[in-house]
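The values are calculated or read from the model by the stated rules, or taken from the named source; none is laboratory data. Fair warning: this is a prediction, and the values are worked out from it, not measured in the lab. With ideal geometry, Cβ positions are generated from the backbone for all residues, glycine too; neighbour counts draw on all protein chains shown. Heavy atoms of the whole protein, side chains included, go into the accessibility calculation; ligands, DNA and RNA do not. Shrake-Rupley method; radii C 1.70, N 1.55, O 1.52, S 1.80 Å.
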Amino acid sequence: MSNAPPSPPSASSLPSSSSLPGVPSRAKLATVKPSQAPFQTTLPRHVSVDVITPIARDAPDATLFDRAIHPKPPKVVAAGAADEGCTTKPVPTNKWFGAFLIDSRPTLVPLHPYYVRLAAPPGSSYAGLQVSAEPHHELYPGRFGSTASGRVQAYWGKHSWGGGLGLAGSAEHEITSWDDIGMTATLRFRAEGEDVGSSASFPLVRGAAYITAVYNRATPVFFSASRITRVNREAMPATCMPAIKFEIELDGGELWLLYSLDGPLTLVADSAHSLHATAKFTGTLRTAMVPAEQPSARLLLDAHAPRVPLGVELAASVQGDEGRYELRFRTQGPTRTPLLHFALPHHLESLDGTESAEPDTAGDTAGDTAGDTAGDTGGATGGAAGSPVRDAAQDAAGGAAGDMAAPLASLTPLTMRSTTKGTMRALRGDVWRLVEPSLSTIGWLPPRSPLAERTAEVREVLLADLSVRTPSLGGSHYFNGKKLLRWAQLCLLAEQLAEERMPDCVDTLGELLLRVKQGDTPAGALVHDCTWGGVVARCGMAGDKPLCDFGNTYYNDHHYHYAYYVAAAAVAAKLAPEWFSSEIASWVETLVRDVANPSSEDAHFPPFRSFDWWAGHSWSQVAWRSHPMPRGALTPSHVAFSPQATWRSHPKPRGALTPSHV
């Protein structure tokens, strides 16, 4: 069976409708039987489907979507200004680093297990990132106090902000790059004033065991919200001996490790809260916290410090009820040193092909102890086995992920708490292979038909619902979509009951869809935002109404705003395929691309706008400072209508695996 949509019917075969041009008459629709619909809702079980394939590559049809410039451009350079405010690369919106794209204030950004935020304390002489790990949780029973059950309904995470890396002087930040699945973003600080030309870049990766800063002719600074009490096991000195590793103890009891991968540093104390290098530096620094009650963790951290993650590539496929995906880490550093990276509980449950089923400590002791000793003694010359100093020859020899010969992940004993997602465990290896053996099945209607003795009652209620006036469309795409989908579900039920009014129902549905497409509603037509790369409501483009239509213009909740339209259109195509035109198909697939574009080969929409391959679910709200709602996970009812509706030109679900899959 061809995956291409059927050829649009000729004008002579489609009598005009009295309501809108281009809509066939009820008589025409009545001739289409459900069995004639060229639909395939389930793929053969032996067929494996590559999820990472583009839906389309062409620009949104300008006759369907007017091009517009967004009033709130992103704070990035990677996108690049191109033409009258448009960008050359679509920019992610519903991602964890969204706050960095639009704000310079110290917004909390989750990496898990670390949290980071922009730091330029008043009166300070540096800028960079503050780092927190394993925040203290205060639990609250009940919403505002205790309840009879005593169940915890809220908690507050107190962050210590024990670590921090930055550069001396004032600096502005910008996002310079990100990977396709939104797991990595690189944040760069560019120095101003007399230090212009200096910079520090942070490749921020979800699950990273270290925070990494890459300096270019800049003066590194380590800083803490807590008082620094000891460095390399000695009371806070005025000047530290040159070293490639520093153990920094804080008055709150935290122990932070600081590694230089490109030669020794000399640090001096300029306050009780900060240490800075005595000279400008070009190279890589990494810092990590040693988890409480795991003092041996520093052995692992020493051994794996030279291997740095820079990005992640995704491979994903579905066959039958099984989904498989791989996270292939793109790294820098000696190939003999595997990557150390933290996994969330759901990753651990799905790992396939791990080298050991239990925490693996074999082979750690000798090499890690050597590395620990080298670090403790300063390791000024570096390069010995176990040393955190990077070997340039090995660096050049390899380190790129994606090689299928790269070692699979193995478990280590190192654990850290995330803030909201449970205890994380560090894995060793450059490739994670994960399997979901029982994917959920989404059909057109509930899997069970109405009970025979209730069928007459169901039919009576159905006819009553179909007798009401046609749904009125208003000024909100969100509510308009809900109305269309409710009507579409009535059409599906009419088909199931072989109700003769089904063609009338589909005719009304088609008219409503055409009105939305053409902008013949108070909500107006959707527009193509070429600044971020997406399709948005027109109402917020003036800049003074960021919350109109629930923040649609600012990319809030697209994955179910548009999913209602997509699902309704899929029903119309299923029940009356001869009615469906290529123009309608293009309009609907553009909405799918906005929400669930699976490939960077589509240069007009960011891949996986809402789905988070790291967290294993979609995010409901985008992190705008102007948006009063926090970025949250979507509810099950919203998940069900993410744009996975079986779309006739694509006989497989499109978009990311849903939370029920991952």
Inside segment 110-125, can you point out the residues that are at pLDDT below 85 and either open to solvent by 20 Å² or more (accessible area, probe 1.4 Å) or over 23 Å from Ser198 (Cβ atoms) (or both)?
Ala120, Pro121, Pro122, Gly123, Ser124, Ser125
In segment 263-282, what residues are in a loop (DSSP other than H, G, I, E, B) and touching a residue at least 40 places away in the same chain (Cβ under 8 Å)?
Gly263, Pro264, Ala272, His273, Ala279, Lys280
Under 27 Å from Tyr126 (Cα atoms), modelled with pLDDT under 85 and open to solvent by 20 Å² or more (accessible area, probe 1.4 Å) - does that describe any residue in segment 174-189?
no
Can you report the number of residues in segment 423-476 which are among the basic types (Lys, Arg) and touching a Gly at 6+ places or on another chain (Cβ under 6 Å)?
1
Unmet requirement for Met424, which otherwise passes all of (1) free of Cβ contacts under 8 Å to residues at least 12 places away in the same chain; (2) surrounded by 21 or more Cβ atoms within 10 Å (Cβ to Cβ):
(1)
Looking at segment 620-628, is at least one residue small (Gly, Ala, Ser) and at pLDDT 50 or above?
yes
Are any residues in segment 578-588 surrounded by fewer than 21 Cβ atoms within 10 Å (Cβ to Cβ) and assigned to a helix (DSSP H, G or I), and if so, which ones?
Ser582, Glu583, Ala585, Ser586
Subset of segment 441-481 that is in a helix (DSSP H, G or I) and at pLDDT 95 or above - its residue that is surrounded by the fewest Cβ atoms within 10 Å (Cβ to Cβ)
Phe479
So Leu339 ticks every box in (1) at pLDDT 95 or above; (2) open to solvent by 30 Å² or more (accessible area, probe 1.4 Å) but one. Which box is left unticked?
(2)
Which condition does Ala645 not pass, out of (1) within 26 Å of Trp487 (Cα to Cα); (2) out of contact with any strand residue (DSSP E or B) (no Cβ under 8 Å at 6 or more places or on another chain); (3) modelled with pLDDT of 90 or more, if it passes all the others?
(3)
Are any residues in segment 271-289 within 30 Å of Ile181 (Cα to Cα) and buried (at least 20 other Cβ atoms within 10 Å of the Cβ), and if so, which ones?
Thr284, Leu285, Arg286, Thr287, Ala288, Met289
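This table checks each residue for (1) part of a helix (DSSP H, G or I); (2) farther than 23 Å from Ser224 by Cβ; (3) in contact with a Gly (Cβ under 8 Å, 6 or more places away or on another chain).
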{"position": "Thr284", "(1), (2), (3)": "no, no, no"}
{"position": "Thr287", "(1), (2), (3)": "no, no, yes"}
{"position": "Arg298", "(1), (2), (3)": "yes, no, no"}
{"position": "Ala303", "(1), (2), (3)": "yes, yes, yes"}
{"position": "Pro309", "(1), (2), (3)": "no, yes, no"}
{"position": "Val312", "(1), (2), (3)": "no, yes, no"}
{"position": "Ala315", "(1), (2), (3)": "no, yes, no"}
{"position": "Glu326", "(1), (2), (3)": "no, yes, no"}
{"position": "Arg336", "(1), (2), (3)": "no, yes, no"}
Considering only residues that are more than 18 Å from His604 (Cβ to Cβ), open to solvent by 10 Å² or more (accessible area, probe 1.4 Å) and of a type in the set (Gly, Ala, Ser), which ones fall in segment 524-543?
Gly524, Ala542, Gly543
Among residues of segment 76-94, those that are modelled with pLDDT of 75 or more, open to solvent by less than 80 Å² (accessible area, probe 1.4 Å) and assigned to a loop (DSSP other than H, G, I, E, B), counted:
7
Within segment 522-546, which residues are hydrophobic (A, V, I, L, M, F, W, C), over 23 Å from Leu512 (Cβ atoms) and out of contact with any Pro (no Cβ under 8 Å at 6 or more places or on another chain)?
Cys530
Quick test of your reading of the structure: Val268 fulfils all but one of (1) among the hydrophobic types (A, V, I, L, M, F, W, C); (2) farther than 25 Å from Asp612 by Cβ; (3) surrounded by 15 or more Cβ atoms within 10 Å (Cβ to Cβ). Name the failing condition by number.
(3)
The one condition in (1) open to solvent by 60 Å² or more (accessible area, probe 1.4 Å); (2) of a type outside the set (Ser, Thr, Tyr); (3) at pLDDT below 85; (4) within 24 Å of the chain's Cα centre (by Cα) that Met404 fails to fulfil:
(4)
So, Leu492, is that one in contact (Cβ under 8 Å) with a residue 60 or more places away in the chain and either among the aliphatic types (A, V, I, L, M) or surrounded by 18 or more Cβ atoms within 10 Å (Cβ to Cβ) (or both) or not?
yes
Subset of segment 56-73 (residues that are open to solvent by 20 Å² or more (accessible area, probe 1.4 Å) and either at pLDDT below 90 or in a loop (DSSP other than H, G, I, E, B) (or both))
Ala56, Arg57, Asp58, Ala59, Asp61, Ala62, Thr63, Ile69, Pro71, Lys72, Pro73
Report yes if some residue within segment 301-309 is open to solvent by 40 Å² or more (accessible area, probe 1.4 Å) and either touching a strand residue (DSSP E or B) at 6+ places or on another chain (Cβ under 8 Å) or touching a residue at least 40 places away in the same chain (Cβ under 8 Å) (or both); otherwise report no.
no
With the checklist (1) assigned to a strand (DSSP E or B); (2) at positive phi in hand, flag the one item Glu293 doesn't pass.
(1)
